[in-house]
Each structure stands twice: as C-alpha cells, then as structure tokens.
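**Q** The structure that follows is given in the form of structure tokens.
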Amino acid sequence: GNNNNNKSHNYQCTSCHITRWEEDPYSLGAYSGFRLGCLERHTKTLQEPTWDGKLVFAGEHTVSGYEGSVHAALFSGHNAASQIHSYLSKQQRKTS
C-alpha cells in the first residue's frame, strides 16, 4: 500500500537536459540486438564482474529479454551498482 504518511511533496525541476539519441554523433540512434546464435549464457557472462571484481560492465546489451531497451539499461545499472557496492564492502572489511 501507499506508505507516505499523507505527506505532501512539492518537487520542482531545477534543470534538465534533453538528448536526441538519433542525432548523437557517437551512436546515431544505435542500440544492440542479439545475433542469431547468441545465447543467454553470453549475456550472463557480460554481467559478471571481472579482473577480481574491479571491472563491471553495464548497458542494455547485458540483459537478455530486454536488450536494446531503456528497461535493460536501468536493470543493468542497478545490477552493476550492486556489484560495485559488494566489491567495495568486501574491500572495506579487509581493511577494517
């Protein structure tokens, strides 16, 4: 249920930036799509941190089922943030 304790929030945008994906000179509106023969294990491999947890990949190309979408980019960002948090927590425990 709604648990905002009947508080009224008045949020106001103070700044914004609008992009035109199709006009971006680096992407030209491109997005990823899986080629024939690409398996879910390939995307799972892309999701795994490498280099002892120091290198994490994120992007819509790392999420099967939603590849090429904003949803996949969001999901992968959350996943990468969680992996980075886990890595940093382990490093902090080592030094404590």
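The values are calculated or read from the model by the stated rules, or taken from the named source; none is laboratory data. From a predicted model like this one, the values you see are computed outputs, not experimental measurements. Using ideal geometry, Cβ is built from the backbone for each residue, glycine included, and neighbour counts are taken over all protein chains shown. To get the accessible areas, we keep the full protein, side chains included, count just its heavy atoms, and leave off ligands, DNA and RNA. Shrake-Rupley method; radii C 1.70, N 1.55, O 1.52, S 1.80 Å.
**Q** Return only the number of the condition from (1) open to solvent by less than 100 Å² (accessible area, probe 1.4 Å); (2) in a loop (DSSP other than H, G, I, E, B); (3) touching a Gly at 6+ places or on another chain (Cβ under 8 Å) that Tyr31 does not satisfy.
**A** (1)
**Q** Under 7 Å between Cβ atoms, which residue pairs at least 6 apart in sequence (or on different chains) link something in the stretch 71-87 that is without any contact (Cβ under 8 Å) to a residue 24 or more places away in the chain with a partner that is outside any helix (DSSP H, G or I) and of a type in the set (Phe, Trp, Tyr)?
**A** Ala72/Tyr66; Phe75/Tyr66
**Q** Filter the stretch 61-90 for residues that are touching an Asp or Glu at 6+ places or on another chain (Cβ under 8 Å), assigned to a helix (DSSP H, G or I) and open to solvent by less than 40 Å² (accessible area, probe 1.4 Å); which is farthest from Tyr31 (Cα to Cα)?
**A** The extreme case among them is Ser76.
**Q** Could I ask something else about it? Identify all residues within the stretch 38-58 that are free of Cβ contacts under 8 Å to residues at least 24 places away in the same chain and of a type in the set (Gly, Ala, Ser); write none if there are none. I'd like the intermediate steps shown before the answer.
**A** Of the residues in the stretch 38-58, the ones free of Cβ contacts under 8 Å to residues at least 24 places away in the same chain are 38-39, 41-42, 44-46, 48, 50-52, 55, 57-58.
Ala58, the sole residue that qualifies.
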